[in-house]
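Student: One structure is given below, represented as structure tokens, and several questions about it will come after.
Read-outs throughout are calculated quantities, based only on the coordinates presented, and are distinct from any laboratory measurement. Just so you know, these numbers come straight off a predicted model, no measurement behind them. Note that each Cβ is placed from the backbone with ideal geometry, even for glycine, and that neighbours are counted across all protein chains shown.
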Amino acid sequence: MGGLNEKQMAIYLHASLQHPSGLSLLVGIVGNSIAIHVCHRKQKRGNRFYILLLAVYDIIASVDTTISVLILNSYSVSFPSDVLCKVMTYFMWTTPSSSALMVLIIALQRFLLVFKPTKRYFDPRHHRIIGVLVVTFVPMVIAVPMCVFSGTAAINVSLSDGSHLTTCSCEAKTETKSRLLVGLSGGKLTIFLLLRRFHMVSNVVNPFVYGYFDITFRSYYAAVFRSLFCCRSSNKTNCLRDRRSEETDTDNTYY
């Protein structure tokens with residue numbers, strides 16, 4: 001692309017490599033995998049179907065958004081394909097929306113558990129099917145406009161040194177001209193890109209929310225930590241007590 005020198009391209013490449021997307025992907029996969037493991041172990045004693053489903057959607061969203069963000073950052077001034085842009089935009093809206101909708105359903109479930117504990121609206125099998133259908137297909141429908149109105153667009157921008165540049169970016173197709181922030185250093189541009197993709201945080205922090213607010217997850221994490229680092233011959237009694245407490249933990253939720 002005319003006017004884009006190697007120094008400017010190096011700034012973008014540096015920011016892409018330094019962007020902490022890889023760390024968020026690692027934490028998201030590990031944390032949500034632990035959540036799935038805990039839900040699977042407790043499934044016989046407490047129905048944690050919705051939290052299990054949320055962890056699955058969070059893993060999918062973490063993988064999808066991280067890969068998409070790395071591609072967008074790497075080709076921020078010269079995106080190679082209009083079709084790829086539309087597909088990426090569609091899934092970047094679909095997967096986080098499914099996770100967010102799942103959180104809303106869990107909130108509704110907890111509300112019904114507290115304020116209407118004896119009333120059943122659906123049998124367990126039916127409300128599970130409805131939940132899966134809602135969190136899967138509703139985001140797929142509402143993300144269609146983003147797919148239609150996104151794509152590669154040629155935009156004339158002004159650089160910090162006063163020169164002008166025509167870029168080919170993957171974004172919503174509007175008539176608004178953007179300013180390319182190539183004058184920023186790699187570190188500042190990394191912070192800008194991180195804040196721009198702050199929605200990725202939700203898929204990463206959910207397992208930590210479980211670990212802090214849910215007694216089952218908290219006791220399980222504590223038992224695992226003690227078994228890995230603290231269990232010696234001097235405190236086997238405490239470890240056994242933790243394991244028994246973990247196995248006898250009950251969950252009163254009916255969803």
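Student: Could you put 76, 227 in order, starting from the residue whose Cβ has the fewest other Cβ atoms within 10 Å?
Tutor: Going from least to most buried by this count: 227, 76.
Student: For residue 137 and residue 81, compute 0.36 nm times the residue count separating them, minus their Cα-Cα distance, and round to one decimal in nm.
Tutor: 17.5 nm
Student: At a 10 Å Cβ-Cβ cut-off, how would you order 125, 226, fewest neighbours first?
Tutor: Final ranking by Cβ density, sparse to dense: 125, 226.
Student: Residues with amide H under 5 Å of residue 78's amide H, sequence separation 5 or more or different chain, H placed in the peptide plane at 1.01 Å from N; which?
Tutor: For residue 78, the qualifying residues are 168.
Student: Which length gain, in nm to one decimal place, applies between residue 198 and residue 114 when the Cα-Cα distance is subtracted from 0.36 nm times their residue separation?
Tutor: 27.1 nm
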